[in-house]
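Novice: Let me begin by handing over the structure; questions about it come next.
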Amino acid sequence: MRQIFFVPASGPEAAQHFRDTIVAKRNLSDVASLVTPKDAQELRRIFKTEPFAVCGARPVRSSTRLWGIMQPGDYILFY
């Protein structure tokens with residue numbers, strides 16, 4: 001079953017990151033150095049050459065736990 005996650009994107013810096021990565025979208029070449037080769041291969045399989053929305057977080061305990069329980073197909077609502 002799909003889950004829904006509410007993720008804050010408040011403040012000017014977070015809002016700019018949201019515009020740069022979710023609204024504007026990115027290509028695999030933009031993020032390849034930030035993901036594992038296995039993840040890059042999976043992104044290539046899913047999106048082919050199409051741009052996609054991408055989001056990341058600093059590796060602090062709260063975000064690591066949240067990102068760790070998300071599954072493909074889940075929804076993320078930014079506020």
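The values are calculated or read from the model by the stated rules, or taken from the named source; none is laboratory data. Quantities reported herein were computed from a predicted structural model and do not represent experimental measurements. Heads up, the Cβs are rebuilt from the backbone with ideal geometry, glycines too, and the neighbour counts pull from every protein chain shown. Please note that ligands, DNA and RNA were not included when accessible areas were found on the heavy atoms of the full protein model with its side chains. Shrake-Rupley method; radii C 1.70, N 1.55, O 1.52, S 1.80 Å.
Novice: Given the options 25, 48, 38, state which has the largest fluctuation in a GNM of the chain using a 10 Å cut-off (strictly under) for Cα springs.
Specialist: 38
Novice: Please turn the phi angles of the range 40-54 into ³J(HN,Hα) values with the Karplus equation 6.51 cos²θ - 1.76 cosθ + 1.60 (θ = phi - 60°), one per residue in order, whole Hz, x for glycine and proline.
Specialist: 4, 5, 5, 4, 5, 5, 6, 9, 6, 10, 6, x, 9, 7, 9
Novice: Next question. Note down the magnitude of the dipole of the chain about its Cα centre, charges +1 on Lys and Arg C-beta and -1 on Asp and Glu C-beta and zero elsewhere, to the nearest 20 debye.
Specialist: Dipole size: approximately 160 debye.
Novice: Could you pull the accessible area for residue 47 with a 1.4 Å probe, rounded to 10 Å²?
Specialist: Using a 1.4 Å probe on the heavy atoms, I get roughly 70 Å².
Novice: Here is a follow-up. Rounded to the nearest 500, what is the chain's calculated 222 nm mean residue ellipticity when only DSSP H runs of at least 4 contribute -39500 (n - 2.57) each, over all residues? Could you put the intermediate results ahead of the total?
Specialist: Values: 4 runs with 31 residues, N = 79.
Calculated mean residue ellipticity at 222 nm is -10500 deg cm²/dmol.
Novice: Rg to Rh ratio, the range 1-67, alpha-carbon atoms and Kirkwood radius? Walk me through the numbers on the way to the answer.
Specialist: Values: Rg = 13.1 Å, Rh = 13.4 Å.
With Rg and the Kirkwood Rh in hand, the quotient comes to 0.98.
Novice: Now for a separate question. Taking amide H atoms as placed 1.01 Å from N in the peptide plane, list the residues 5 or more away in sequence, or in a different chain, whose amide H sits under 5 Å from that of residue 7.
Specialist: Those qualifying (amide H under 5 Å, at least 5 residues apart or on another chain) are 77, 78, 79.
Novice: Which residue fluctuates the most in the chain, going by a Gaussian network model with Cα springs under 10 Å, if the choices are 35, 60, 23?
Specialist: 60
Novice: If the elastic network links every pair of Cα atoms under 10 Å, which of 26, 44, 61 fluctuates the most in the Gaussian network model of the chain?
Specialist: Taking springs between Cα atoms under 10 Å, the residue moving most is 61.
Novice: Consider a paramagnetic label point 7 Å from the Cα of residue 10 along Cα→Cβ; state which residues of the range 44-79 have an amide N under 18 Å from it.
Specialist: Correct set: 58, 62-63, 77-79.
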